[in-house]
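Reading through the structure tokens given below for one structure.
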Amino acid sequence: LKFGLIYAGTDDGRLHVTKNSGRTWQEITKGLVSGKWMSRVIASAYDLGTVYVTQNGKRDDDFAAYVWKSTNFGKTWTDISGNIPCGPVNVIREDPRNKNILYVGTDIGVYVTVDGGKKWHVLQKDFPSTFVHDLVIHPRESIMIAATHGRGMYAMDVSHLQQLTPDVLAKQAKLFKTQKAKLPRRGWYGWWGGQNAYFHYYLKKTGTVSLVIKDKKGNTIRKIKGTGDAGLNIAIWDLKAKTDLKQEKSKRKSPYVNPGTYQVVVTAANETLQDTFEVTK
């Protein structure tokens, strides 16, 4: 946020700051764990005096999670490692759209907090337990890229995580905007291409959820299953119409619905949430 503000962390556990492009430096190691490698230092893009630091003690057979935050240029430090089960922690990143969201990469995976470090959640589905050496969140596309040690690169859409503001987290349930879906095409080898409809929703508490797809006239097209876990959930519609009767199947040339405007109705936490979306060719 300020030209000339630079933090420098070293592998022998020292940390310095300069506010004048390096003409003078001040050591700000006090309050951190002595002698542990400063694996990442990130100056906040939201608050001038805020800085995040992770330390890695693997070289000393120390596998604790060290994650720190300062709001006064490193004069004092607060431990925000919270419930991260173990380290070492290799990287921390600040979300480019939501100041309360932080991501860390450890030797066992990726963790995220949506409340500034009070509570951490593991991002482990479809992601192996492996060393994560770097994380990047694309500021425009809202895609998080994780670089691992020996297991390749992984990408995750974090756009719905970014929408978990304090106002949303206070609600019992929240249905996020549904993106356009695209019908597959008929080819020589059957149907191919297209884009399913993805429904993202947040639940404050675990509960029962039902999802109904309706056309613009209000007719029920399909009922689909959805998870009822506390936190973010996703349900997927393959754009196929309800074809319970053999006669109905025989009349339809395609198992898919026609292009047009549709509505999803989600019932959860004693609330009914609705959203309209487009299905295109």
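The values are calculated or read from the model by the stated rules, or taken from the named source; none is laboratory data. These figures come from a predicted structure and were not determined experimentally. Neighbour counts are summed over all protein chains in view; Cβ atoms, including those assigned to glycine, are modelled from backbone coordinates with ideal geometry. Ligands, DNA and RNA are stripped out before the accessible areas are found, and what is left, the full protein with its side chains, is counted by its heavy atoms. Shrake-Rupley method; radii C 1.70, N 1.55, O 1.52, S 1.80 Å.
Scan segment 117-136 for residues that are under 14 Å from Ile101 (Cβ atoms) and either in contact with an Asp or Glu (Cβ under 8 Å, 6 or more places away or on another chain) or surrounded by fewer than 14 Cβ atoms within 10 Å (Cβ to Cβ) (or both) and jot them down. Scanning segment 117-136 gives Lys118, Lys119. Answer yes if at least one residue in segment 14-31 is in contact (Cβ under 8 Å) with a residue 60 or more places away in the chain and in a strand (DSSP E or B), and no otherwise. Checked segment 14-31: no residue is in contact (Cβ under 8 Å) with a residue 60 or more places away in the chain and in a strand (DSSP E or B).
Given the criterion over 24 Å from the mean Cα position of the chain (by Cα) and under 19 Å from Ala147 (Cβ atoms), identify the matching residue among Lys58, Lys75, Lys36. Talk me through it step by step, then tell me what you get.
On the way: Lys75 fails: under 19 Å from Ala147 (Cβ atoms); Lys36 fails: under 19 Å from Ala147 (Cβ atoms).
Only one candidate qualifies: Lys58.
Residue check: Thr78 meets all listed conditions (1) within 24 Å of Ala155 (Cα to Cα); (2) open to solvent by 30 Å² or more (accessible area, probe 1.4 Å); (3) among the polar types (S, T, N, Q); (4) at pLDDT 95 or above but one, namely (1).
Screening Pro85 against (1) surrounded by fewer than 22 Cβ atoms within 10 Å (Cβ to Cβ); (2) modelled with pLDDT of 95 or more leaves a single unmet condition, (2). Return the pairs, sorted by first residue and then second, in which the second residue is among the acidic types (Asp, Glu), the first residue lies in segment 67-88 and is touching a residue at least 40 places away in the same chain (Cβ under 8 Å), the beta carbons are less than 7 Å apart, and the residues are 6+ apart or on different chains. Close Cβ pairs satisfying both conditions: Pro88/Asp107. Specify the residue that is nearest to Ile6 (Cα to Cα); the eligible residues are those in segment 32-53 that are aliphatic (A, V, I, L, M), outside any loop (DSSP other than H, G, I, E, B) and touching an Asp or Glu at 6+ places or on another chain (Cβ under 8 Å). Ranking the qualifying residues of segment 32-53, first place goes to Ile42. The one condition from (1) more than 25 Å from Pro85 (Cα to Cα); (2) crowded, with 16+ Cβ neighbours inside 10 Å; (3) basic (Lys, Arg) that Arg40 does not meet is (1).
Candidates are the residues of segment 102-132 that are within 15 Å of the chain's Cα centre (by Cα) and of a type in the set (Asp, Glu); the one that is modelled with the lowest pLDDT is Asp126. All conditions but one from (1) in contact with a strand residue (DSSP E or B) (Cβ under 6 Å, 6 or more places away or on another chain); (2) at pLDDT below 95; (3) within 20 Å of Asn83 (Cα to Cα) apply to Asn56; the one that does not is (2).
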